[in-house]
Each structure stands twice: as structure tokens, then as C-alpha cells.
Amino acid sequence: FNGLDLTGWHMMGQQDWHAENDILWTEGKGGWLRSDQRFADFILRLEYRVSKFAVSGVFLRSAEQGNPAFTGMEIPLLDDAGQLTDLHSTGAIYGAVIPLYSVGRKAGEWNQLEVSCIGRHLTVYLNGNRIHKIDVDDPAFVFSEKRPLSRVPNQGYIGLESHTNRVDFRNLRIAVVKPAA
């Protein structure tokens with residue numbers, strides 16, 4: 001994200017994405033914002049801030065068509081600070097893996113997220129805490145909601161979800177480790 005406009009990104013569904021003052025934001029009216037480029041191995045770093053009752057997420061290795069949470073993976077971002085974690089809470093691998101800790105901050109506070117997708121390995125840090133270090137082909141994830149994680153492709157789009165209420169993003173950076181074919 002260049003801090004000025006949506007160059008390098010494409011709105012899917014609702015046209016609910018805005019860029020101003022180095023912040024990328026959505027009012028949460030539906031749809032998603034996907035990268036114009038597909039990625040194979042990468043490290044994604046960003047900061048996000050949810051508003052009260054907000055629901056959003058980050059999509060990883062998703063397809064252009066279909067539900068990006070299930071054609072790839074989703075890391076939910078919610079206003080759920082201090083609550084018990086489950087398969088749909090902040091930092092989960094949506095419907096598949098519960099985060100190790102509940103470390104999301106309260107609505108209105110900035111959070112730091114770092115995601116590393118290298119081969120079939122996924123590592124996620126939220127606010128400096130490692131909440132995932134998994135192999136998506138691990139048989140433990142075969143009974144995930146909707147599909148086994150082993151069906152996640154080795155490349156796809158990175159995206160941001162517009163679901164409910166305002167969510168802000170800033171300092172979004174993607175380091176390519178291995179380009180998509």
C-alpha cells in the first residue's frame with residue numbers, strides 16, 4: 001500500500017475501500033480488497049485498528065473467485081480483545097486453527113500483524129507474540145471447517161476483508177520470498 005491510493009489493489013464486491021493520510025480503510029459493507037499480484041512465498045507485515053464490533057480479516061493465497069476464506073486462508077481481525085480464543089477469533093486460521101493466545105488489542109488501538117507463508121509453512125505473529133507456527137499439510141487440520149488446510153494452494157492473492165464496521169490498515173508491506181509462477 002503506497003499510502004495515497006489503491007494502486008496495486010482491486011476491489012472485489014462492494015466498492016468500500018478508501019485511502020487517505022497513509023491509511024487504507026473500509027466501513028465494513030462487504031466484499032474484499034485483493035492484491036493485483038499473486039504471491040507464492042512471502043512475508044506480510046501490517047498494522048490494523050478495528051472499531052467497536054468490527055469484523056475483518058486478512059486473506060492469504062486466495063483465488064480470485066469464490067470465498068477467499070476457503071479458496072485460501074483467512075486470519076480474522078475482530079473487536080474481541082480479552083475473550084477466549086476459538087476457530088473464528090482474532091488471529092485464528094479461520095475455521096481451522098485456534099491461535100495460541102488472545103493478544104489483540106481493544107477497539108481503537110493499533111495492532112501489528114506479521115504473516116510468513118513459506119512453502120507449506122505458516123507462521124503468524126500478533127503484537128510481537130507468535131500465535132501460529134504450522135504446516136498446512138499436517139493431518140491435524142484435515143477436518144477443518146469447509147475444507148482440509150492441505151487444499152490451500154501454494155500461491156494466490158493477498159486480501160483484506162470488508163465485513164462489519166470500520167477497520168483501518170497502515171504500514172502494509174509485502175516481502176516476496178519466491179514469486180508466483
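The values are calculated or read from the model by the stated rules, or taken from the named source; none is laboratory data. No experiment lies behind these values; they were computed from the predicted model shown. Neighbour counts run over all protein chains shown; Cβ positions are idealised from the backbone, glycine included. Ligands, DNA and RNA are excluded from the accessible area calculation, which covers all protein heavy atoms including side chains. Shrake-Rupley method; radii C 1.70, N 1.55, O 1.52, S 1.80 Å.
First check a/c for the range 80-181, with a ≥ b ≥ c the square roots of the eigenvalues of its C-alpha gyration tensor; if it is under 1.5, answer rounded, and if not, answer prolate when a/b is larger than b/c or oblate otherwise. Walk me through the numbers on the way to the answer.
On the way: a/c = 1.71, a/b = 1.23, b/c = 1.38.
Oblate, since a/c reaches 1.5 and b/c is not below a/b.
Dividing the Cα convex hull volume of the range 135-181 by residue count, how many Å³ per residue is that?
Per residue, the Cα convex hull of the range 135-181 comes to 134 Å³.
Peptides 171-179, 69-77, ordered by how many other C-beta atoms sit within 10 Å of their residues on average, highest first, read 69-77, 171-179. Listed by chain and number, the lysines placed with their C-alpha closer than 25 angstrom to that of Lys178 are Lys133; residues fewer than eight positions away on the same chain are left out. Split the accessible area of the range 45-181 by element, probe 1.4 Å, and carbon with sulfur accounts for 52%.
When the Gaussian network model of the chain links Cα atoms closer than 10 Å, the mean-square fluctuations of Glu20, Glu145, Glu47 top out at Glu20.
Tell me the mean residue ellipticity at 222 nm calculated for the chain from its helices only (DSSP H runs of n ≥ 4, each -39500 (n - 2.57), averaged over every residue, nearest 500). Write down the numbers at each step before the final one.
Values: 1 runs with 4 residues, N = 181.
That comes out to -500 deg cm²/dmol.
What shape does the range 1-77 take by its C-alpha gyration tensor, where a ≥ b ≥ c are the square roots of the eigenvalues and a/c under 1.5 counts as rounded, a/b above b/c as prolate, and the rest as oblate? Can you show the working numbers first?
Numbers: a/c = 1.40, a/b = 1.19, b/c = 1.18.
Rounded, since a/c falls under 1.5.
Straight-line cross-link reach from Lys106 at under 21 Å between alpha-carbon atoms covers these lysines, not counting any fewer than eight positions away in the same chain: Lys52.
For the range 48-113, give the magnitude of the charge dipole about the Cα centre (Cβ charges: +1 Lys/Arg, -1 Asp/Glu; no others), in debye to the nearest 20.
The dipole magnitude comes to about 180 debye.
Taking only the Cα atoms of the range 105-161, the ratio Rg/Rh comes out at 1.02, with Rh defined as the Kirkwood radius.
Between Ile174 and Asp86, take the C-beta separation as r, use R0 = 35 Å, and let me know the FRET efficiency to the nearest 0.05. Walk me through the numbers before you get to the answer.
Values: r = 28 Å, r/R0 = 0.81.
That gives a FRET efficiency of 0.80.
Stokes-Einstein at 10 °C, 1.306 mPa s, Kirkwood radius from Cα pairs: D for the chain in µm² s⁻¹? Kindly include the intermediate steps, with their values, before the conclusion.
Values: Rh = 16.0 Å.
Answer from the Stokes-Einstein relation: 99 µm²/s.
In this structure the range 98-172 gives 49 Å² per residue of accessible area when probed at 1.4 Å with all protein chains present.
Note on the chain: with a GNM built from Cα contacts shorter than 10 Å, the maximum mean-square fluctuation among Lys52, Lys146, Lys29 falls on Lys146.
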